[in-house]
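Bear in mind that the values in this text are calculations on the coordinates, not laboratory data. Worth saying up front: this structure is predicted, and the values here are computed from it rather than measured. Here the Cβ positions follow ideal geometry from the backbone for every residue, glycine too, while neighbour counts run over all protein chains shown.
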Amino acid sequence: MKKILISLALASLAVACLPAMAQTSHQPAVSTNALFLALGQTPGLTALADDFVIRLKQDARLGPHFKNVNQKNLSKQLTDQFCALSGGPCVYEGADMKSAHMDMDITKGDFNALVEVLQAAMDAKGIAFTTQNQLLALLAPMHRAVITVR
Amino acid sequence: MRTSKQEIQRCRPLASLLASAVVVLLAGLAHAGTVEVLVLDKDGNPTPDAVVVVVSTAQGVAQAPPPLSALVNQEKMQFVPQVIVVAVGAKVRFTNGDAWDHHVRVWIPGAVASSAEGMSFRLAGKQAGRSGGSEELILDKPGPTLLGCFLHGSMRGYVYAADSPWTVKTNELGVALLEDVPQGAASVKVWHAALLVDKAPSPIMVGAAPGQLTVRLDVVPRRRRI
């Protein structure tokens with residue numbers, strides 16, 4: 001897990017400069033919402049979150065965890081959270097990650113499985129690998145709050 | 001279940017309380033005993049949050065009957081307390097202590113979610129300078145009422161409306177201590193959220209000496225992480 005996180009972080013560091021450089025022609029040199037734009041802004045994130053939640057419910061490993069989950073609400077919270085994290089204009093008003101997961105039995109394996117499902121959902125939306133890794137790098141530190149079974 | 005706006009019959013519990021007080025004066029407390037009930041799960045481990053109900057054939061008055069009002073807060077995706085025992089007809093206030101919304105669902109086990117037996121209310125999250133949403137219900141049906149949240153499927157809570165004044169939930173050691181139970185024949189019923197089928201009541205004889213009873217459930221309830 002640590003290795004994955006480190007490589008994710010490194011990968012994201014390495015690619016962090018690329019979109020900014022690519023966009024210098026029509027954007028300010030330091031663009032804080034580059035990732036948000038690369039993810040397709042709010043419509044792109046909404047479509048991604050909707051599909052992600054469906055995939056979570058269908059996943060053999062994670063399905064049981066998400067069986068009772070309110071699809072619409074989770075999708076909305078994920079959209080807001082991804083949007084806010086990636087520099088978009090949203091405000092995330094949902095639960096903090098610790099409170100949201102503290103009474104659930106979540107292992108490192110569950111967390112990694114969720115990352116895989118998110119990657120598959122992003123692949124399906126044609127999101128570039130570098131963009132995927134930038135979002136994952138922002139989400140990765142949440143493992144501390146999310147994993148409850150150590 | 002009804003909202004507090006409909007509380008027409010409020011005097012009735014008072015009248016019956018007064019009547020019971022008279023009974024106490026007549027009967028005296030000398031003819032009461034103590035019953036200690038230990039609830040174990042299928043593996044033999046003490047089970048907290050089981051509700052123990054003693055139904056006595058004799059008349060008497062409990063010194064500490066379940067309350068006629070109670071508060072259930074929502075804190076960090078939990079109903080706190082998760083299990084609460086109240087008297088039938090109690091006013092239960094639900095408050096949201098979280099910064100995000102909850103959409104509380106209240107229903108009687110076995111009822112169809114969409115039927116009149118179920119209801120729901122959305123409680124706004126607590127913001128700076130504004131407390132969270134709040135709603136009051138009157139639970140006038142004896143037995144367990146289930147609490148859930150439409151937004152957060154993992155949330156579960158239970159309000160047990162007791163029609164016997166000797167109704168106590170088990171503590172961390174799995175023990176429920178029932179005091180001032182009238183001496184004579186009685187039955188002990190145990191309810192736990194994890195039980196799919198009600199357990200048959202156990203008969204006991206309440207005497208002057210403290211009585212003890214161990215009830216073993218045929219399930220292992222999930223342990224809460226917090």
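Listing for the model above:
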| read-out | value |
| --- | --- |
| Number of partner chain Cβ atoms within 10 Å, mean per residue of A:60-73 | 2 |
| Rg(Cα)/(2.2 N^0.38 Å) for the stretch A:28-91, N = residue count | 1.26 |
| Averaged over A:94-103, number of beta-carbon atoms from partner chains that fall within 10 Å | 6 |
| Share of Cα-Cα pairs in the stretch B:31-146 lying beyond 19 Å, as whole percent | 59 percent |
| Largest to smallest principal axis extent of the C-alpha atoms in the stretch B:79-226, angstrom | 55, 33, 29 |
| Dipole magnitude (debye, nearest 20) for the stretch A:79-150, charges at Cβ of Lys, Arg, Asp, Glu | 220 debye |
| Test item: Cα-centred dipole of the stretch B:144-226, Lys/Arg +1 and Asp/Glu -1 on Cβ, debye | 500 debye |
| Partner lysines for A:Lys98 [C-alpha distance under 28 Å; skip if fewer than 8 residues away on the same chain] | A:Lys2, A:Lys3, A:Lys57, A:Lys67, A:Lys72, A:Lys76, A:Lys108, B:Lys76, B:Lys126 |
| Proximal lysines relative to B:Lys199, as straight alpha-carbon distance under 21 Å, when same-chain residues fewer than 8 apart are discounted | B:Lys42, B:Lys141, B:Lys169, B:Lys189 |
| q = 0.19, 0.25, 0.31 Å⁻¹, the stretch A:97-145: log10 I(q)/I(0) [Debye, one scatterer per Cα] | -0.67, -0.97, -1.18 |
| Charge-dipole axis of the stretch B:25-99 as Lys and Arg at +1 and Asp and Glu at -1 on Cβ define it, positive-most pick from B:Gln82, B:Leu71, B:Leu38 | B:Leu71 |
| Quotient of Cα Rg and 2.2 N^0.38 Å for the stretch B:125-186, N being how many residues it contains | 1.64 |
